Structures are given as structure tokens and as C-alpha cells.
Amino acid sequence: PYEVLVIGGGPAGSSAAIYAARKGIRTGIVAERFGGQVRDTLGIENFISIKHIEGSRLSDNLEAHVKDYNVDVMMPQRAKSLKKKEYVEVELENGATLKSKTVILSTGARWRNVGVPGEIEYKNKGVAYCPHCDGPLFKGKRVVVIGGGNSGIEAAIDLAGIVNHVTVLEFMPELKADAVLQERLYSLPNVTVYKNVQTKEIIGTDKVNGITYIDRGTQEEHHIELQGVFVQIGLVPNTEWLGDSVERNRIGEIIVDNHNATSIPGVFAAGDCTNSPYKQIIISMGSGANAALGAFDYLIRN
Ligand code: FAD
């Protein structure tokens with residue numbers, strides 16, 4: 001059996017694998033690919049100490065760094081289920097079962113898409129999902145935020161301080177965000193809110209230059225000229241495969257304590273698949289390191 005088995009090769013998993021291997025213990029990693037969401041990111045400017053790096057390059061660096069250590073890399077592989085017996089057993093989609101004394105779950109998350117024409121086409125060309133990451137790219141420009149829940153309204157407030165103007169599009173007749181966020185939003189001079197509207201299409205040439213939406217009350221179609229679209233309709237953790245094995249919250253995030261331990265002794269979790277409030281590369285790497293140290297601590301006590 002492994003002493004530490006990491007599931008997922010994004011920033012959290014890579015960091016966990018390196019921290020575990022540096023303790024000289026038998027470490028394995030099951031990865032679909034290295035980099036996770038970072039592979040899909042054009043440029044990163046908030047990875048502290050590196051002013052700018054392409055996502056593909058950071059992903060290659062993660063892979064090289066993990067492979068620099070004595071880590072069993074199983075790739076491309078996906079985990080299918082997890083059970084705690086004498087060891088923690090992880091079944092892979094290829095039918096193999098891996099045993100380990102501890103497991104670190106780091107299967108990340110994915111942004112929910114609005115699914116309108118133009119969204120995929122203009123991803124990284126005006127369509128963005130992360131205001132902390134991409135907000136500054138739209139300095140002085142006009143943007144729309146799709147989604148009026150807490151994340152959408154937080155994004156709109158955040159962006160209003162950077163961009164020229166923010167329009168919020170909410171499908172339902174009311175915003176779902178907390179009252180205190182709504183109050184703050186409505187106090188800002190450069191924000192417009194449209195409720196009960198449905199996004200129809202994101203439009204552009206080489207980059208986004210507008211959006212069309214339908215007023216669900218009147219069925220009228222409207223067009224707004226802008227340079228950026230932030231989609232904020234939810235981040236979904238990749239945890240469906242765990243079923244009831246590990247305790248998860250209402251939205252499926254794995255619940256962890258401050259050692260990144262889950263409800264199963266010996267099973268830890270890190271990064272975007274957990275209930276950590278903010279989802280960023282640097283935070284995921286920190287939590288991967290914390291989980292590996294938590295697992296090491298567990299191993300020396302058990
Ligand atoms: P992930 O990166 O999601 O990696 C998890 C990996 O596990 C994935 O490869 C996934 O395929 C794999 N996996 C899933 N299920 C299984 C399974 N059953 N078995 C095996 N493997 C599995 N953050 C920043 O700090 N700065 C930025 O500029 C920035 N820009 C972003 C831009 C975009 C377009 C996106 C989508 C995200 C951005 N983020 C940014 C957020 C950042 O990428 C994430 O917070 C970070 O990648 C999370 O790391 P993670 O390791 O927890 O998860």
C-alpha cells in the first residue's frame with residue numbers, strides 16, 4: 001500500500017504530492033492530467049513572486065516538479081470510488097484498486113457554464129469566470145456579470161471598483177444574494193441591475209463586444225455593448241464520485257477541518273473540491289501542503 005495517495009493533479013494535488021514525497025514516504029498520484037483548471041487558463045498574474053505566467057507553462061512546471069520526486073504517477077487515470085477498510089481503497093475507472101494508509105482528495109471544481117452561443121468561443125477572449133483573476137484585465141471597460149447570487153453580486157461589487165461600468169443580469173425576478181451585498185451593490189454609481197432576464201448570446205469579432213438578453217416579462221430582446229462577460233452561476237466541485245463516503249456540504253464540497261482532514265480518518269482533502277471559502281491557485285497549493293502535513297502527522301500517530 002501507499003502511505004499517501006493523492007487523487008487529482010491540479011495545484012492542490014501537485015503540492016500535496018511534493019510535500020508528501022519530501023517526507024520520504026511512499027507516495028502515489030492519480031491524475032487525469034497535470035494542472036487542472038490552470039491548463040485552461042491563458043495568463044496568471046496573481047501567483048505571487050511570478051508576475052505573469054501562461055497556464056499551460058505553470059501546468060508543465062507542476063508536472064516536472066512532481067516528477068522530480070519519487071512519486072508514482074498514474075496518468076491519465078480517474079478515480080471512481082473510495083472505501084475505508086483496513087486501508088483506504090480507491091477504485092479507478094480502469095478497474096484497478098489502489099490501497100493507501102492515507103488519501104488526499106484534490107479533484108478540484110468546474111465553473112458552471114451559461115450555455116449560450118459565444119460562451120465557449122470567447123472564453124479567455126472577454127468571457128471570464130474569476131473576478132479576482134481577470135478583473136484587472138477589464139480596467140476602465142464595460143462588463144456584465146451573469147448571476148445575481150452571492151458570488152455574482154460579490155463579483156459585481158469587486159469589479160465596480162476596477163471597471164468603468166458593471167451590468168448584472170439575473171434570470172429570476174429577484175436577486176438571491178444576501179441583503180447586505182445587495183445594499184452595497186445598489187449604493188454604487190456605476191452598476192445597473194436587470195432582473196427577470198435571460199442571456200441569449202455573447203457577441204464579438206476576435207473578442208467580445210456585446211451581449212443580447214431577453215426581458216422575460218415582455219419577451220423583448222435587448223443588446224448591450226461591452227468588453228467583458230463574467231459568468232457567476234456557480235462553481236461545482238468534482239466530488240460526485242465520492243457518493244456518501246465522505247461528508248460533503250449542501251453544494252457538494254468536501255468538509256475539512258484545519259488539518260484538511262475529512263470525516264473519514266486518514267482521508268484528507270485540499271483545494272477547490274473542499275469547503276474552503278476562496279478558490280485560487282495559491283490557496284489550493286497551500287491547502288495541498290497543509291493536507292500532506294496533516295496526513296504525515298496522522299501516519300506517525302497511527
Ligand atoms: P483543479 O485545478 O480543478 O484540479 C483538479 C484536477 O483533478 C483536475 O485536473 C481534474 O480533472 C482532476 N479530477 C477530477 N475528478 C477526478 C477523478 N475522479 N479522478 C482523478 N482526477 C480527477 N486562480 C488563480 O489563483 N489565478 C488565476 O488567474 C486563475 N484563473 C483562472 C482562470 C480560469 C479560466 C479558471 C477555470 C480558474 C482560474 N483560477 C485562477 C482558479 C484556479 O485555477 C483554481 O483555484 C485551482 O486550479 C484549483 O486547484 P485544485 O488543484 O484544487 O483543482
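Tell me which residues, restricted to region 208-256, are under 27 Å from residue 168 (Cα atoms), β-branched (Val, Ile, Thr) and touching a residue at least 24 places away in the same chain (Cβ under 8 Å). Before you say what the answer is, go through the steps one by one.
Keep residues of region 208-256 that are under 27 Å from residue 168 (Cα atoms), which gives 208-237, 250-253.
Filter once more, so that each one left must be β-branched (Val, Ile, Thr): 208, 211-212, 214, 218, 224, 229, 231, 233, 236, 251.
Matches in region 208-256: 208, 211, 224, 229, 231, 233, 236.
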For region 90-105, indicate whether the set of residues that are buried (at least 22 other Cβ atoms within 10 Å of the Cβ), within 30 Å of residue 120 (Cβ to Cβ) and either aliphatic (A, V, I, L, M) or touching a residue at least 60 places away in the same chain (Cβ under 8 Å) (or both) is non-empty.
yes
Just the residues that are closer than 24 Å to residue 223 by Cβ, surrounded by fewer than 16 Cβ atoms within 10 Å (Cβ to Cβ) and small (Gly, Ala, Ser), please, taken from region 152-195.
none
If we keep only residues of region 6-43 that are in contact (Cβ under 8 Å) with a residue 60 or more places away in the chain and touching a Leu at 6+ places or on another chain (Cβ under 6 Å), then the residue farthest from the ligand (Cβ to nearest atom) is 28
Restricting to region 36-53, what's the tally of residues that are over 11 Å from residue 10 (Cα atoms) and either of a type outside the set (Asp, Glu) or modelled with pLDDT of 95 or more (or both)?
12
Which ranges mark the strands (runs of 3 or more DSSP E) fully within region 1-94 that have 3 or more residues being among the β-branched types (Val, Ile, Thr)?
2-7, 27-30
Just one of (1) touching a Ser or Thr at 6+ places or on another chain (Cβ under 7 Å); (2) within 21 Å of residue 230 (Cα to Cα); (3) within 14 Å of the ligand (Cβ to nearest atom) trips up residue 82, so point out which.
(2)
Looking at (1) buried (at least 16 other Cβ atoms within 10 Å of the Cβ); (2) farther than 23 Å from residue 295 by Cβ; (3) touching a residue at least 24 places away in the same chain (Cβ under 8 Å), which one does residue 53 not meet, given that it meets all the others?
(3)
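Mind listing just one residue for me: the one in region 5-27 that is of a type in the set (A, V, I, L, M, F, W, C), surrounded by fewer than 24 Cβ atoms within 10 Å (Cβ to Cβ) and out of contact with any His (no Cβ under 7 Å at 6 or more places or on another chain) and, of those, nearest to residue 58 (Cα to Cα)?
Of region 5-27, the ones of a type in the set (A, V, I, L, M, F, W, C) are 5-7, 12, 16-18, 20-21, 25.
Adding the requirement that they be surrounded by fewer than 24 Cβ atoms within 10 Å (Cβ to Cβ) leaves 18, 21, 25.
Then drop every residue that is not out of contact with any His (no Cβ under 7 Å at 6 or more places or on another chain), which leaves 21, 25.
Numbers: 21: 20, 25: 26 Å.
In this case the residue turns out to be 21.
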Elements of type strands (runs of 3 or more DSSP E) in region 163-210, at least 3 residues being more than 21 Å from residue 134 (Cα to Cα) and in contact with a Pro (Cβ under 9 Å, 6 or more places away or on another chain):
none
Residue match in region 210-222 (condition: in contact with a strand residue (DSSP E or B) (Cβ under 6 Å, 6 or more places away or on another chain) and within 12 Å of the ligand (Cβ to nearest atom))
no
Candidate set from region 56-78 (those that are surrounded by 17 or more Cβ atoms within 10 Å (Cβ to Cβ) and among the polar types (S, T, N, Q)); member that is nearest to the ligand (Cβ to nearest atom)
77
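Looking only at region 96-119, decide whether some residue is among the aliphatic types (A, V, I, L, M), over 30 Å from residue 2 (Cα atoms) and out of contact with any Ser or Thr (no Cβ under 8 Å at 6 or more places or on another chain). Break it down into steps so the answer makes sense when it comes.
Filtering region 96-119 down to residues among the aliphatic types (A, V, I, L, M) leaves 96, 98, 103-105, 109, 114, 116.
Okay, now just the ones that are also over 30 Å from residue 2 (Cα atoms), so 114, 116.
Cutting the leftovers down to out of contact with any Ser or Thr (no Cβ under 8 Å at 6 or more places or on another chain) gives us none.
Among the residues of region 96-119, not one is among the aliphatic types (A, V, I, L, M), over 30 Å from residue 2 (Cα atoms) and out of contact with any Ser or Thr (no Cβ under 8 Å at 6 or more places or on another chain), which makes the answer no.
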What are the pairs with Cβ atoms under 9 angstrom where one residue, in region 132-144, is within 10 Å of residue 160 (Cα to Cα) and the other, located anywhere, is assigned to a strand (DSSP E or B) and among the β-branched types (Val, Ile, Thr)? Sequence gap at least six, or different chains.
135/143; 142/166; 142/167; 142/224; 143/166; 143/167; 143/229
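The values are calculated or read from the model by the stated rules, or taken from the named source; none is laboratory data. In this text, all values refer to a predicted model and were calculated from it rather than measured experimentally. Positions of Cβ are backbone-derived with ideal geometry, glycine not excepted, and every protein chain shown enters the neighbour counts.
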